[in-house]
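The values are calculated or read from the model by the stated rules, or taken from the named source; none is laboratory data. None of the values given here were measured: they were computed from a predicted structure. Cβ sites come from the backbone with ideal geometry, for glycine too, and all protein chains shown count toward neighbours. With ligands, DNA and RNA removed, areas are computed over all heavy atoms of the protein, side chains included. Shrake-Rupley method; radii C 1.70, N 1.55, O 1.52, S 1.80 Å.
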Amino acid sequence: MPAAEGLTLPLEGVRVLELGNYIAAPTAGRLLADFGAEVIKVERPRTGDELRNWRLYAGDTSMLYRTINRGKKSIVLDLRSPEGRDAVLRLVAGCDVVLENFRPGTLEKWGLGPADLDAVNPDVIVSRISAFGQTGPMSERPGFAAVAEAMGGLRDLVGEPDRPPSRTGVSIGDSIAGLYAGFGVVMALFQRENRRGGARPALVSRTIDVALNEAVLSVMESLVPDHLAYGVDRQRVGGRMEGIAPSNAYPCADGSSVVVAGNGDGIYRRLMSAAGRPDLGEDPSLQTNAERWARRDELDDAIGAWTSTLPRADALAALDEAGVPAGPIYTAADIVDDPQFKARNMIQYFDVDTGEDAPRRVGFPGIVPVIGHESLPVHHLGPDLGAHTAEVLAEIGMTPADQPEGSR
């Protein structure tokens, strides 16, 4: 990925071989590609990554695939075949990192486990994502993010208290695991460079083991300690956050809603003043979160009674003037038109084949975190299946005639 305006990206010169499908490992690959790594994505012949068909409304490649696999190269290899295995090993010899999210034991069965990769490249870093990790009694069980979100404690807290647990509208467990996998890779690369410079002892391990359920558990804050220390089991509370008040979504006169986070002690008093209820703001029995949480229904009713008299823009203007954190609940259309996202280049446009007669101009999320003043430019969207097969395999000395069956 070329640098923007002369900027040298932090991962330029790092070469990554991605063997993963779906979202978790490809998210890690996307992060590495965003910041300069060359990421070579290996896909199965004919169908490629299953993500190509997820939420595919028209055309032959979904916008989800284009998003998650931006900045990468796509090559086609059959990992189950001797020829595909040989090509992978030859590629690994020139790579810094291998990403994978197969069920534990699968790569070993194909002769592509860490020991096989070490044999051709003793310095290669292997980042492995699986449902429950590479060890333990459940390690060989399959599982997607939905299961991980349930077993990691997240699902039990999402939704209304009088209804069954809900799910967030995205594969959040996969994305969190991908973030950890990418972070683990960068740590290992950093330690490897220190070792080469003689500044640190040998690596403890070059294998990064990320479990989906553990990734979810890691963002559950004090869920487990609260249970063990106080016997407290958190409950689903809808749009609220247990123990924090007032913080919720409130209706406006124009049919929209605003999210208001008035749970800081000083912020709470400013909020209630803006809402025309200084009596509640100065009430001595409502000066801490615990006290406000006990009377959360009363506070939500008072705030909602005020916001429901105003259009959303007026409510937000009053809250901003009072120094109260608040914001609108955005749809995709709102995000595209938002001046803050625009100012930081967070929606970037490409001409994309959507199955129509001509390409359509489509906006995609920018790169996070920002380096400088705005998002780095996305180099290219997720590529067509096998778009880089000939180019990449030629680099390891394979002519078209030599390339494995199914890759041509």
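Separation of region 302-350 and region 100-121, taken as the distance between their Cα centroids, equals 48 angstrom.
Net charge around residue 207, counting only other residues with Cβ within less than 10 Å of its Cβ (Lys, Arg = +1; Asp, Glu = -1)?
Charge balance in the 10 Å sphere: 0.
Across region 372-388, rounded Karplus estimates of 3J(HN,Hα) from the backbone phi angles (6.51 cos²θ - 1.76 cosθ + 1.60, θ = phi - 60°) give x, 10, 8, 4, 4, x, 5, 5, 7, 6, x, x, 5, 4, x, 4, 10 Hz, Gly and Pro being marked x.
For region 228-250, backbone nitrogen atoms closer than 13 Å to the point 7 Å from residue 221 Cα along Cα-to-C-beta are found at 234-248. Name the residue, out of 52, 44, 360, whose mean-square fluctuation peaks in a Gaussian network model built on the chain with Cα pairs under 10 Å. Most flexible of the set in this elastic network: 360. Listed by chain and number, the lysines placed with their C-alpha closer than 25 angstrom to that of residue 109 are 41; residues fewer than eight positions away on the same chain are left out.
In this structure the amide hydrogen of residue 381, modeled in the peptide plane, comes within under 5 Å of the amide hydrogens of 71, none closer than 5 places in sequence on its chain.
Rounded to the nearest 500, the 222 nm mean residue ellipticity of the chain from helices alone is -10000 deg cm²/dmol, with -39,500 (n - 2.57) taken per DSSP H run of at least 4 residues. Remark: the chain carries 49 Å² of accessible area per residue (probe radius 1.4 Å; ligands, DNA and RNA excluded). Once a ≥ b ≥ c are taken as the square roots of the eigenvalues of the Cα gyration tensor of region 1-157, is the result rounded (a/c under 1.5), prolate (a/b larger than b/c) or oblate (a/b not larger than b/c)? Rounded, since a/c falls under 1.5. Hey, if you put +1 on the Cβ of every Lys and Arg and -1 on every Asp and Glu Cβ in region 35-151, which of 131, 37, 57 ends up farthest toward the positive end of that dipole? The one lying farthest along the dipole's positive direction is 57. Computed from backbone phi with θ = phi - 60° and the Karplus coefficients 6.51, -1.76 and 1.60, the 3J(HN,Hα) list for region 216-233 is 5, 4, 5, 9, 8, 6, 9, 3, 6, x, 4, 5, 6, 7, 10, x, 8, 10 Hz; x is used for glycine and proline. Ranked by the mean number of other Cβ atoms within 10 Å of their residues, highest first, the peptides 206-217, 15-26 come out as 15-26, 206-217. The residue among 333, 76, 271 whose Cα reaches farthest toward the positive pole of the charge dipole of the chain, with charges on the beta-carbon of Lys, Arg, Asp and Glu, is 76.
Of the beta bridges in the chain, as assigned by DSSP with both residues counted there, near 40 percent are antiparallel. Taking the chain as a Gaussian network of alpha-carbon nodes connected by springs under 10 Å, the highest mean-square fluctuation of the residues 56, 79, 91 belongs to 56.
The 3J(HN,Hα) values that the Karplus relation (6.51, -1.76, 1.60; θ = phi - 60°) gives for region 292-298 are, in residue order, 5, 4, 5, 10, 4, 5, 4 Hz. Gly and Pro appear as x.
Other residues whose C-beta falls under 15 angstrom from the C-beta of residue 334 contribute a net charge of -1, scoring Lys and Arg +1 and Asp and Glu -1. Can you give me the C-alpha center-to-center distance between region 162-178 and region 17-38, rounded to a whole angstrom? The distance from the Cα centre of region 162-178 to that of region 17-38 comes to 21 Å. Sorting 219, 185 by solvent-accessible area of protein heavy atoms yields 219, 185, largest first, with a 1.4 Å probe. Within the shell defined by Cβ-Cβ distances under 12 Å, the residues around residue 295 carry a net charge of -4, with Lys and Arg each +1 and Asp and Glu each -1. Distance between the 7 Å Cα→Cβ label points at residue 93 and residue 336: 4.9 nm. Calculate the FRET efficiency for residue 351 and residue 138 from the Cβ-Cβ distance with a Förster distance of 60 Å, rounded to the nearest 0.05. Approximately 0.85, to the nearest 0.05.
The order of 257, 127 by accessible area, most exposed first and with a 1.4 Å probe, is 257, 127. Between residue 46 and residue 298, full extension at 0.36 nm per residue minus the direct alpha carbon distance yields a gain of 84.8 nm. Think of each Lys and Arg Cβ as +1 and each Asp and Glu Cβ as -1; about the Cα centre, that makes the dipole of the chain roughly 720 debye.
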